[in-house]
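Read the structure below first, then the notes.
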Amino acid sequence: MSLNIKLNENYSSVKNNYLFSDIAKKVKTYSEAHPNAKIIRLGIGDVTLPLAPVVVNAIKNAADEMGKAETFRGYAPEYGYDFLREAVARYYDKFSVSLSASEIFISDGAKSDVGNIVDILGDNEILIPDPVYPVYLDSNLMSGRKVSFISGNQQNGFLPMPDGIPEKPYVIYICSPNNPTGAVYSRAQLKVWVDFALKTGSLIIFDSAYEAFISGDYSHSIYEINEARKCVVEICSFSKTAGFTGTRCAWSVFPDELIVGDKKLSALWSRRQATKFNGVPYVVQRAAEAALSDEGQAQCRQSVEYYIENARIIAELLTKKGISFTGGENSPYLWLKCPGGMKSWDFFDFLLENAQVVGTPGAGFGNAGEGYFRLTSFGSRESTLEAVSRLDKLL
Ligand code: PLP
């Protein structure tokens with residue numbers, strides 16, 4: 001029997017995302033045929049190191065509080081506990097960015113915020129880099145928005161700029177350091193984007209999920225750029241910074257200056273969150289607060305440095321082999337051109353069959369990703385070294 005209701009037809013324009021399930025299927029088929037093969041996964045975008053000790057302690061303490069009548073907490077505030085909003089605001093002091101706690105909205109993930117922000121925006125023209133994190137495109141397609149792509153390619157270092165784009169208002173997504181390319185916008189390039197947004201009355205949604213991997217002279221927050229407060233919502237996460245992919249905590253910044261007509265964007269976001277979201281668990285917010293403490297930042301930094309060293313090891317091999325790539329320095333991702341003009345999936349099969357190394361085909365991140373391949377540094381040192389030694393023999 002079929003129901004007689006109407007569905008959201010926009011979902012038919014969203015491609016089924018078979019990327020990671022196709023990868024899993026191929027790996028499963030291969031390992032069934034070769035039960036002794038030791039497969040190394042350098043495709044995952046998930047962290048592998050455990051939570052920092054100071055974070056684990058905070059979770060235990062908060063769990064104890066939840067177990068006592070005097071300190072038990074029920075629903076958390078929809079926008080986050082003040083202690084965490086304050087801690088995030090203080091975190092920005094490091095970048096000489098001044099934010100007030102009321103401009104910070106705590107959530108259960110950058111994915112949720114990136115996906116949900118579409119709720120408060122009307123039928124705008126959307127600009128999305130290609131290749132990029134697929135949630136920007138899919139969430140807009142689900143809402144029936146018209147999307148245009150700005151192509152990242154070797155010529156622009158996978159950092160598309162607004163040159164030649166008709167000057168009208170857009171909602172523009174920027175991810176820096178980028179997933180999947182690892183490319184990072186310079187301050188000068190970010191300023192060009194901010195100036196473009198100010199001139200055209202556009203909104204930038206800036207995803208800084210990988211800012212903790214920046215070691216060079218790049219902006220960790222787009223608010224380091226003058227006047228960005230007037231045109232940018234910044235979304236950041238504890239996932240990659242503090243290993244919270246399974247713990248779930250993130251934040252979005254809605255500066256007071258973001259205004260459309262007489263409406264503040266933050267007011268609409270508050271309304272949206274208050275209606276559709278019931279807050280992040282107290283225990284998790286205490287854990288996130290601990291990650292932002294001096295001790296927490298030092299401990300989380302050790303994990304990030306471990307991944308960055310893995311990235312350096314992979315980058316060294318690619319350089320030695322003359323394979324062109326971006327990323328790996330200020331990012332956990334390395335984005336390489338498939339050798340010999342191979343297509344992304346052909347290169348995937350080639351690595352799986354000949355080195356038992358699994359990466360992610362670039363074509364899964366957008367049409368401009370065809371012919372490219374993503375490796376990640378989130379594995380263990382041992383498996384990274386082993387993968388590199390296999391690739392050294394193969395490539
Ligand atoms: N933004 C980017 C660019 C990502 O790559 C990811 C996860 O891989 C996310 C956001 C999701 O972050 P979260 O775990 O906070 O939902």
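The values are calculated or read from the model by the stated rules, or taken from the named source; none is laboratory data. In this text the structure is predicted, and so the values were computed from the model without any measurement. All Cβ positions, glycine included, derive from the backbone under ideal geometry; neighbour counts span all protein chains shown. Accessible surface is based on the protein model in full, side chains and every heavy atom, while ligands, DNA and RNA are left aside. Shrake-Rupley method; radii C 1.70, N 1.55, O 1.52, S 1.80 Å.
Things worth noting here:
- For region 268-279, the count of residues that are in contact with a Phe, Trp or Tyr (Cβ under 7 Å, 6 or more places away or on another chain), assigned by TED's automatic domain parsing to the domain that holds Tyr91 and open to solvent by 40 Å² or more (accessible area, probe 1.4 Å) is nonzero.
- On inspection, Leu127 fails the criterion of being over 21 Å from the mean Cα position of the chain (by Cα), aliphatic (A, V, I, L, M), assigned by TED's automatic domain parsing to the domain that holds Thr247 and over 20 Å from Val283 (Cα atoms).
- Filtered by the rule that a residue be out of contact with any strand residue (DSSP E or B) (no Cβ under 7 Å at 6 or more places or on another chain) and either touching a residue at least 40 places away in the same chain (Cβ under 8 Å) or small (Gly, Ala, Ser) (or both), region 210-238 gives Tyr210, Ala212, Phe213, Ile214, Ser215, Gly216, Tyr218, Ser219, His220, Glu224, Ala228.
- Some residue of region 243-261 being open to solvent by 10 Å² or more (accessible area, probe 1.4 Å), in a helix (DSSP H, G or I) and without any contact (Cβ under 8 Å) to a residue 40 or more places away in the chain: no
- Meets criteria (open to solvent by less than 20 Å² (accessible area, probe 1.4 Å), in contact with a strand residue (DSSP E or B) (Cβ under 6 Å, 6 or more places away or on another chain) and not in a loop (DSSP other than H, G, I, E, B)) for Leu317: no
- Single unsatisfied condition, Ser107 versus (1) within 16 Å of the ligand (Cβ to nearest atom); (2) over 22 Å from Ala242 (Cα atoms): (2)
- Residue in region 176-187 that is within 22 Å of the chain's Cα centre (by Cα) and assigned to a helix (DSSP H, G or I) present: yes
- Among the conditions (1) in contact with a Phe, Trp or Tyr (Cβ under 9 Å, 6 or more places away or on another chain); (2) part of a helix (DSSP H, G or I), Trp335 misses just one, which is (2).
- Residue match in region 232-240 (condition: touching a Phe, Trp or Tyr at 6+ places or on another chain (Cβ under 7 Å), over 16 Å from Phe105 (Cβ atoms), of a type in the set (D, E, K, R) and away from the ligand (no atom under 14 Å from the Cβ)): no
- Residue within region 378-393 that is in contact with a Phe, Trp or Tyr (Cβ under 8 Å, 6 or more places away or on another chain) and small (Gly, Ala, Ser) present: no
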